[in-house]
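I have placed the structure first, in the form of structure tokens, so that the comments after it can refer back to it.
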Amino acid sequence: QVQLVESGGGLVQAGGSLRLSCADSGRTFSNYAMGWFRQAPGKEREFVAVISWSGGTTNYADSVKGRFTISRDNAVNTVYLQMHSLKPEDTAVYYCAISWVVASVPTTYKYWGQGTQVTVSS
């Protein structure tokens with residue numbers, strides 16, 4: 001049984017930083033790739049970043065490359081999204097999800113968290 005819970009969202013000034021966490025209550029966390037997606041109101045869900053089960057492979061959307069870093073700590077069943085140089089267009093609900101493989105398409109992901117709101121003020 002997998003349950004993903006995101007945390008760390010909130011309000012931040014443009015140019016600031018925020019770190020999101022996603023904890024897996026199950027015990028199969030290290031067997032899967034983990035991805036971050038985001039969705040703004042009225043917009044399609046957008047791929048942000050993904051990390052392989054070992055952490056050896058990472059991919060990022062062009063819009064966040066160089067600003068965001070995805071990482072994971074399998075010892076505590078947690079994946080992180082460190083966000084720097086935040087922009088108002090980063091405002092969205094951020095979701096973590098589990099996939100069998102490293103991918104950027106949401107249909108690949110089997111389990112999803114409930115999301116955490118990130119709001120970046122101008």
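The values are calculated or read from the model by the stated rules, or taken from the named source; none is laboratory data. Keep in mind it's a predicted model, so treat the numbers as computed, not measured. Neighbour counts are summed over all protein chains in view; Cβ atoms, including those assigned to glycine, are modelled from backbone coordinates with ideal geometry. Ligands, DNA and RNA are stripped out before the accessible areas are found, and what is left, the full protein with its side chains, is counted by its heavy atoms. Shrake-Rupley method; radii C 1.70, N 1.55, O 1.52, S 1.80 Å.
In the Gaussian network model of the chain, springs joining C-alpha atoms below 10 Å, which of Gly35, Gly16, Gly56 carries the largest mean-square fluctuation?
Comparing Gly35, Gly16, Gly56 in the GNM, the peak value goes to Gly56.
Need one number: nm distance between label points at Val101 and Ser52, each 7 Å from Cα along Cα→Cβ, rounded to one decimal.
Label-label distance for Val101 and Ser52, simple model: 1.3 nm.
I'd like to check one number: the per residue accessible area of the chain, probe 1.4 Å, reported in Å² as a whole number.
Here the residues of the chain average 51 Å² of exposed surface.
Accessible area of the chain with a 1.4 Å probe: how many percent of it is carbon plus sulfur?
Numbers: 2990 of 6220 Å².
Reported share for carbon and sulfur atoms: 48 percent.
Would you kindly derive the ³J(HN,Hα) couplings of region 90-98 from the backbone phi angles with the Karplus curve 6.51 cos²θ - 1.76 cosθ + 1.60 (θ = phi - 60°), listing them in order in whole Hz, with x for Gly and Pro?
Each residue of region 90-98 in turn: 7, 4, 4, 8, 9, 10, 9, 7, 10 Hz.
May I ask you to order 5-14, 94-103, 109-118 by the average number of other C-beta atoms within 10 Å around their residues, highest value first? Intermediate values should be presented prior to the final figure.
Working: 5-14: 14.8, 94-103: 19.9, 109-118: 17.4.
For the peptides 5-14, 94-103, 109-118, the packing ranking is 94-103, 109-118, 5-14.
Accessible area, 1.4 Å probe, largest first: how do Phe47, Phe37 sort? Please report the intermediate quantities before stating the final value.
Working: Phe47 30, Phe37 0 Å².
So the residues, ranked largest to smallest area, are Phe47, Phe37.
Considering amide H positions built from the backbone, and no H for Pro or chain starts, which residues 5 or more places from Gly16, or on another chain, come under 5 Å of its amide H?
Leu86
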